[in-house]
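Readers should treat all values here as calculations from the given coordinates under stated rules, not as data from a laboratory. It should be emphasised that the depicted structure is a prediction, and the values quoted were computed from it without experimental measurement. So basically every Cβ, Gly included, is an ideal-geometry build from the backbone, and we count neighbours across all protein chains shown.
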Amino acid sequence: MSRWNAAVRTLAAGVAALFAVVAAPPAAQAAHEPRAPGEFVALQDVDPTIRQEMRYVTPHNFVGTRIAGYRQPLCILTAPAARALHRAQRTLLRQGYSLKVYDCYRPQRAVDHFVRWAKDLDDQRMKAEFYPRVDKTRLFEDGYIAEKSGHSRGSTVDLTLVKLPAKPTRPYVPGEPLAPCYAPQAERFPDNAVDTGTGFDCFDTLSHTLDPRVVGKQRAHRLLLKGALEKAGFRNLPEEWWHFTYQPEPFPDTYFDFPVSRSSLSGRR
């Protein structure tokens, strides 16, 4: 019996240890997460006037759920990219506009989430808004989804302009009726951004920055954004009017995977 009791106690101790690992508090789990290098900063610490609407923390994105790795609605960038946005913001504020960021640094685990979603052809809950004219089987071939993203290098940002004073916007309600991202602005999901012809993350050729079908105020807004950011040192991706990368990138060949949270910026050397 003593041997049996000893075996039971040993087994019980092992099970308890296993549950202790599984049930480790978030703080203990976070201690093992990768941290951002010292060259990364929170944008709001560099320029608190730049508005932030971090879409991938919310379900209002082309996947329809919070994206892996986004713990807090926080824009994180390399310090040179953040300082460059600050310079652009000062110029735009004098003209009555503010920058608004939708996405900044993006962990590799978030990119992996996009890839898994793109391969699941049955999940098309957000198609009516974000890719109404694109068959989901073509997302990789057409370049809308890729296994690596420049955002993971820390110097790429997705953003738009807001006319001041900014109007409030309501939150997205999962399951609500969706309108195409290229519909007239009054018909699209409400956004206090200026009208640029399409919404953010619109998988459509109308999102090409210089698409000739985009004219008038919509084109003028795109060019205002592009001009201000290029003067600050950014380069636009021609296929996405909202996508800009600071040059030269501090980490041109490194794809990071630390979570988007304040804790990723704390306790660094």
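Structure above, values below:
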| quantity | calculated |
| --- | --- |
| The chain - percent relative contact order, Cα under 8 Å, separation 6 or more | 26 percent |
| By average C-beta atoms within 10 angstrom, highest first, the peptides 220-227, 71-78 | 71-78, 220-227 |
| Approximate spin-label separation Thr91-Val115, in nm, with each point projected 7 Å along Cα-to-Cβ | 3.6 nm |
| Qualifying aspartates and glutamates (Cα of each under 15 Å from Cα of Lys136; at least 8 residues distant if same chain) | Asp120, Asp122, Asp123, Asp201, Asp204 |
| Simple spin-label estimate for Arg125 and Leu224 in nanometres, 7 Å along Cα-Cβ | 3.6 nm |
| Axial C-alpha extent at least 27 Å, average Kyte-Doolittle at least 0.0 - helices from the chain (DSSP) | 2-22 |
| Length released on extending from Phe251 to Arg133, taking residue separation times 0.36 nm less the Cα-Cα span | 39.0 nm |
| Out-of-range pairs (alpha-carbon distance over 26 Å; input Lys119/Lys167; Lys119/Lys217; Lys127/Lys226; Lys100/Lys127; Lys167/Lys226) | Lys119/Lys167; Lys119/Lys217; Lys127/Lys226 |
| Estimated translational D of region 141-220 in µm²/s (Stokes, Kirkwood radius over Cα pairs; 4 °C; 1.567 mPa s) | 88 µm²/s |
| Scaled radius of gyration (Cα, divided by 2.2 N^0.38 Å) that the chain gives | 1.18 |
| Projected label distance in nm at Glu33 and Arg262, using a 7 Å step from Cα toward the beta-carbon | 1.3 nm |
